[in-house]
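The structure appears below as structure tokens.
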Amino acid sequence: MHPSLWISKTGMHAQDKQLSVVANNLANVATVGFKRDRAEFEDLFYQIQRQPGAQSTQDNQIPSGLQIGTGVRVVSTQKVFSTTGFQTTEQPLDVAINGRGFFQILLPDGTIAYSRNGQFHLNSDGDVVNGNGLPLEPGITVPRDATNFTVGEDGTVTIQTPGNVQPQQLGQITLVDFVNPGGLQAVGSNLFLATGASGDPVEGTPGQDGLGFLKQYTLESSNVSVVEEMVNMITTQRAYEMNSKVIATADQMLQFVNQNV
Amino acid sequence: MDKALYIAMTGAVQNMQAQSIRANNLANVNTTGFKADFEQARSMPVFGEFYPSRAYALTENPATNYNPGWLQETGNDFDVAIKGDGWIAVIGPDGTERYTRVGNLSIGPNGQLYTGNNLQVLGDGAPIVIPEFDKIEIGLDGTISIRPRGQGPQELAQIDRIRLVNPPLEQLEKDENGLFKLKEEGAGAVLPDANVRLVAGFLEGSNVSAVEEMIHLLSLARQYEVHVKMMSRADENAEAMARILQIG
């Protein structure tokens, strides 16, 4: 059959995937701490039909061969860990990381996931948990009678209790960093898991060892740029249309053969 | 029987291959750093016993379009595009030196620098390995400097330099993986060229011109129809011949 059919199919397939990535980014335009994905395209291997530089006769060389590419694929999606902005809130449990680093969230199975989403809550026991009720690690439990909850830039958590003039230190929020955050595995719910590609987590105090300071009453916005995604969407759609046009053309050629021979 | 049928057939077959090249270009219209391929037809006269009798068509891709692609701003520290001529030296899948303009770099778990298609980027001699850092800057000439982890801004350290080369284009060709290599195997490594310039925060898009490819595609489709028409004419002629012989 016509090879162009298959080549253009890979093109449409790749644009399809790109659109899914764009759609997911746009869907998360308001998700706190979301990091957008970027699809990376790669051309597929080339079929050498005639080897360039081969001998056509004993004395002569073929000046140029025939290499036919076989299409395109999405080789990977890369999380882009840029930061775009912070929004100020009035919730004492909203904490943003100003710089590199991730919060540690304890999963039900005892393993640790990592997150940039600092929108914390208290559960009925007074534990600091994320939106899904998973506790922050190392755990911080706020007593019932606490009147004031303060997170310092270095992650020190202090509260004020009635009858005590001195603030009381509750605990310490630590952050972790990875050599290659792009290699983290996104598992949804704003959580990431460490992989062989990300390297091992390096734990530290906020503000030290390259980790960012913490900012209370602040949330990190999603780094999705609406305009960029819309432009991506347009180019994706046009590329998709052009590849489908190639399929239609190849189909018409085959149809023409069937009708005329 | 007249051999025109066969000639028309080779024309149509070669035409299809030319179309595949154009289809591949269009499929890669959004691929970072992709370079479009040209396609051309050449006549291949066949010398018979007495005189050159037939000229068959032959499709080949004589060259790759080395025009730069458009630059897309990404703002990512690890995205570099080459301004003007030049190539980034990487290690190909088979372990030999290859050249590419795919500039979406990333860091591996052990600090190796990779391109978007997972090839290790070469530095001064060896593949680049980057120690842990707070901030990285890739300079105009490929120099990589970092602020080591936990150090102040006065501690900037120069790590390595991306091997940027600029061999004459006529010595280059695309390999099976879409990377570029020297036509002459074993010609030795290409020396770095200090004049190649990088711009960080940008990516080079594909240099495929969609309109141009579409026009070529349409013209090839029409040519194909002409070949098929020729085939059916040759068939009609053969039929007429058979009819005449029947009457006789």
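The values are calculated or read from the model by the stated rules, or taken from the named source; none is laboratory data. All values derive from a computational prediction rather than experimental measurement. FYI the Cβ positions are ideal-geometry reconstructions off the backbone, even for glycines, and counts take in every protein chain you see.
Before we move on, is B:Ala23 modelled with pLDDT under 85 and under 15 Å from the mean Cα position of the chain (by Cα)? Here the answer is no, as B:Ala23 does not meet what is asked.
Could you list all residues from the stretch A:43-78 that are within 10 Å of chain B (Cβ to nearest Cβ), in a strand (DSSP E or B) and farther than 20 Å from B:Ser20 by Cα? Once the filter is applied, which keeps residues that are within 10 Å of chain B (Cβ to nearest Cβ), in a strand (DSSP E or B) and farther than 20 Å from B:Ser20 by Cα, the stretch A:43-78 yields A:Val75, A:Ser76, A:Gln78.
Every condition in (1) assigned to a helix (DSSP H, G or I); (2) within 9 Å of chain B (Cβ to nearest Cβ) holds for A:Ser82 except the one numbered (1).
Against the definition (among the hydrophobic types (A, V, I, L, M, F, W, C) and either crowded, with 22+ Cβ neighbours inside 10 Å or under 23 Å from A:Val80 (Cβ atoms) (or both)), how does B:Val165 come out, yes or no?
Numbers: among the hydrophobic types (A, V, I, L, M, F, W, C): yes; either crowded, with 22+ Cβ neighbours inside 10 Å or under 23 Å from A:Val80 (Cβ atoms) (or both): no.
For B:Val165, the condition - among the hydrophobic types (A, V, I, L, M, F, W, C) and either crowded, with 22+ Cβ neighbours inside 10 Å or under 23 Å from A:Val80 (Cβ atoms) (or both) - is not met.
For the stretch B:24-39, enumerate the residues that are polar (S, T, N, Q) and over 21 Å from A:Ile247 (Cα atoms). Step through it out loud before you land on a result.
Kept after step one, since they are polar (S, T, N, Q), are these residues of the stretch B:24-39: B:24-25, B:28, B:30-32.
Within the stretch B:24-39, just B:Thr32 meets the criteria.
Of all residues in the stretch A:1-13, those satisfying the criterion of being at the interface with another protein chain (Cβ under 7 Å from one of its Cβ atoms) and of a type outside the set (S, T, N, Q) are A:His2, A:Pro3, A:Ile7, A:Gly11. Look at A:Val224 and say whether it is in contact (Cβ under 8 Å) with a residue 12 or more places away in the chain, in a loop (DSSP other than H, G, I, E, B) and more than 8 Å from chain B (Cβ to nearest Cβ). Against the criterion (in contact (Cβ under 8 Å) with a residue 12 or more places away in the chain, in a loop (DSSP other than H, G, I, E, B) and more than 8 Å from chain B (Cβ to nearest Cβ)), A:Val224 qualifies.
Give me the strands (runs of 3 or more DSSP E) completely within the stretch A:121-180, filtered to those with at least 3 residues that are touching a residue at least 24 places away in the same chain (Cβ under 8 Å), ordered by residue number. Give the steps one after another, and end with the answer.
On the way: elements: A:148-151, A:156-160, A:168-172, A:175-177.
Once the strands (runs of 3 or more DSSP E) in the stretch A:121-180 are filtered for at least 3 residues that are touching a residue at least 24 places away in the same chain (Cβ under 8 Å), what remains is A:148-151, A:168-172, A:175-177.
When restricted to residues that are more than 24 Å from A:Thr236 (Cα to Cα) and facing another protein chain (nearest Cβ under 10 Å), the stretch B:20-43 contains 3.
Does A:Ala39 satisfy being surrounded by fewer than 18 Cβ atoms within 10 Å (Cβ to Cβ), small (Gly, Ala, Ser) and more than 7 Å from every other protein chain (Cβ to nearest Cβ)? Spell out the reasoning first.
On the way: surrounded by fewer than 18 Cβ atoms within 10 Å (Cβ to Cβ): no; small (Gly, Ala, Ser): yes; more than 7 Å from every other protein chain (Cβ to nearest Cβ): yes.
No; evaluated as a whole, the condition is false for this residue.
Scan the stretch B:133-147 and give yes if some residue there is without any contact (Cβ under 8 Å) to a residue 12 or more places away in the chain, more than 12 Å from every other protein chain (Cβ to nearest Cβ), within 17 Å of B:Trp87 (Cβ to Cβ) and of a type outside the set (Ser, Thr, Tyr), otherwise no. The answer is no, given that none of the residues of the stretch B:133-147 is without any contact (Cβ under 8 Å) to a residue 12 or more places away in the chain, more than 12 Å from every other protein chain (Cβ to nearest Cβ), within 17 Å of B:Trp87 (Cβ to Cβ) and of a type outside the set (Ser, Thr, Tyr). Scanning the stretch A:17-42 for residues that are within 13 Å of the chain's Cα centre (by Cα) and part of a strand (DSSP E or B) returns A:Asp37, A:Arg38, A:Ala39, A:Glu40. Counting only strands (runs of 3 or more DSSP E) that sit wholly inside the stretch B:129-248, those with at least 2 residues that are closer than 23 Å to B:Gln112 by Cα are B:133-138, B:143-148, B:157-161, B:180-182, B:197-200, B:202-204. Considering (1) under 28 Å from B:Arg233 (Cβ atoms); (2) more than 7 Å from chain B (Cβ to nearest Cβ), the lone condition that A:Val257 does not fulfil carries the number (2).
Residues in the stretch A:51-72 that are crowded, with 16+ Cβ neighbours inside 10 Å and without any contact (Cβ under 8 Å) to a residue 60 or more places away in the chain: 6 in all.
Among the conditions (1) in a strand (DSSP E or B); (2) loosely packed, with under 14 Cβ neighbours inside 10 Å, B:Ala41 misses just one, which is (2). Among the conditions (1) touching a Gly at 6+ places or on another chain (Cβ under 9 Å); (2) in contact (Cβ under 8 Å) with a residue 40 or more places away in the chain, the only one that B:Ala41 does not satisfy is (2).
Checking each residue in the stretch B:165-180 for being at pLDDT 90 or above and either under 16 Å from A:Pro52 (Cα atoms) or not assigned by the TED database to the domain that holds B:Gly95 (or both) picks out B:Leu179, B:Phe180. The residues of the stretch A:171-198 that are at the interface with chain B (Cβ under 8 Å from one of its Cβ atoms), among the hydrophobic types (A, V, I, L, M, F, W, C) and out of contact with any helix residue (DSSP H, G or I) (no Cβ under 9 Å at 6 or more places or on another chain) amount to a single one, A:Val179.
Would you check if B:Arg54 is touching a Ser or Thr at 6+ places or on another chain (Cβ under 9 Å), surrounded by fewer than 18 Cβ atoms within 10 Å (Cβ to Cβ), outside the structural domain of B:Pro168 (by the TED database) and not in a helix (DSSP H, G or I)? No. Filtered by the rule that a residue be facing chain A (nearest Cβ under 9 Å) and among the small types (Gly, Ala, Ser), the stretch B:72-121 gives B:Gly75, B:Ser106, B:Gly108, B:Gly111, B:Gly116. B:Val90 fulfils the conditions (1) under 21 Å from the mean Cα position of the chain (by Cα); (2) farther than 30 Å from B:Asn118 by Cβ; (3) part of a strand (DSSP E or B) except for a single criterion, (2). Counting only residues that are surrounded by fewer than 17 Cβ atoms within 10 Å (Cβ to Cβ) and either in a loop (DSSP other than H, G, I, E, B) or without any contact (Cβ under 8 Å) to a residue 24 or more places away in the chain (or both), the stretch B:69-80 holds 3 of them.
Is it the case that some residue within the stretch B:190-213 is within 12 Å of another protein chain (Cβ to nearest Cβ), in contact (Cβ under 8 Å) with a residue 60 or more places away in the chain, farther than 24 Å from A:Phe45 by Cα and of a type outside the set (Ser, Thr, Tyr)? Before the answer, list the steps.
Going through the stretch B:190-213, the residues within 12 Å of another protein chain (Cβ to nearest Cβ) turn out to be B:201, B:203, B:205-206, B:208-213.
After this cut, where a residue has to be in contact (Cβ under 8 Å) with a residue 60 or more places away in the chain as well, the list is B:201, B:203, B:205-206, B:208-210, B:213.
Imposing the further condition that a residue be farther than 24 Å from A:Phe45 by Cα reduces the set to B:201.
Add one more test, that the residue is of a type outside the set (Ser, Thr, Tyr), and what stays is B:201.
Scanning the stretch B:190-213 turns up at least one residue that is within 12 Å of another protein chain (Cβ to nearest Cβ), in contact (Cβ under 8 Å) with a residue 60 or more places away in the chain, farther than 24 Å from A:Phe45 by Cα and of a type outside the set (Ser, Thr, Tyr).
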